[in-house]
Amino acid sequence: QVQLVESGGDLVPAGGSLRLSCAASGSISSINTMGWYRQAPGKQRELVASITSGGSTYYADSVKSRFTISSDNAKNTVYLQMNSLKPEDTAVYYCHAWRFPDGYWGQGTQVTVSS
């Protein structure tokens, strides 16, 4: 089992910044990929960014050049730095870990961007 705890969500004005954190614990060895998803009201959950154990990253087109995913292996924590936030970034952000063959989710953290 892998436990994921997100933090850092908040209410910010458009153009502001936030950093989300996801602390992993449990059977974290051999985690292949960690990622951040988001789900806005009435919409499907979507992948925002991911990072592999080898350091390769992926970003959704909507967040490229504004968001940065990183990891601190010593702290077993993954971060999502979000800059130039827009109202359409408002959503619950979920951390996800893929440890073959299972995936694990955190409880989510709310990000609200006011216009």
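The values are calculated or read from the model by the stated rules, or taken from the named source; none is laboratory data. A quick note: this is a predicted structure, and the numbers were derived from the prediction, not measured. Glycine gets a Cβ as well: all are built from the backbone with ideal geometry, and neighbour counts include every protein chain shown. We work out accessible area using only protein heavy atoms, side chains counted, and drop any ligands, DNA or RNA first. Shrake-Rupley method; radii C 1.70, N 1.55, O 1.52, S 1.80 Å.
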Inset, instruction - Please find, among Thr90, Thr109, the residue that is touching a residue at least 60 places away in the same chain (Cβ under 8 Å), surrounded by 13 or more Cβ atoms within 10 Å (Cβ to Cβ) and either touching a His at 6+ places or on another chain (Cβ under 7 Å) or β-branched (Val, Ile, Thr) (or both). - result: Thr109
Legend entry - Members of region 42-87 found to be open to solvent by less than 60 Å² (accessible area, probe 1.4 Å) and of a type in the set (Val, Ile, Thr), listed by number: Val48, Ile51, Thr52, Val63, Ile69, Thr77, Val78
Legend entry - Matching residues in region 1-31 - criterion: being exposed (fewer than 13 other Cβ atoms within 10 Å of the Cβ) and of a type in the set (S, T, N, Q): Gln1, Ser17, Ser25, Ser29, Ser30
Inset, instruction - Could you give me the residue pairs with C-beta distances under 6 Å whose first residue belongs to region 35-55 and is under 19 Å from Asp102 (Cα atoms), whose second residue is modelled with pLDDT of 95 or more and part of a loop (DSSP other than H, G, I, E, B) wherever it lies, and which are 6+ apart or on separate chains? - result: Tyr37/Arg45
Inset, instruction - Give, as residue ranges, the strands (runs of 3 or more DSSP E) completely inside region 26-115 that count at least 1 residues that are closer than 21 Å to Gln3 by Cα and of a type in the set (Phe, Trp, Tyr). - result: 33-39, 77-82, 91-99, 102-105
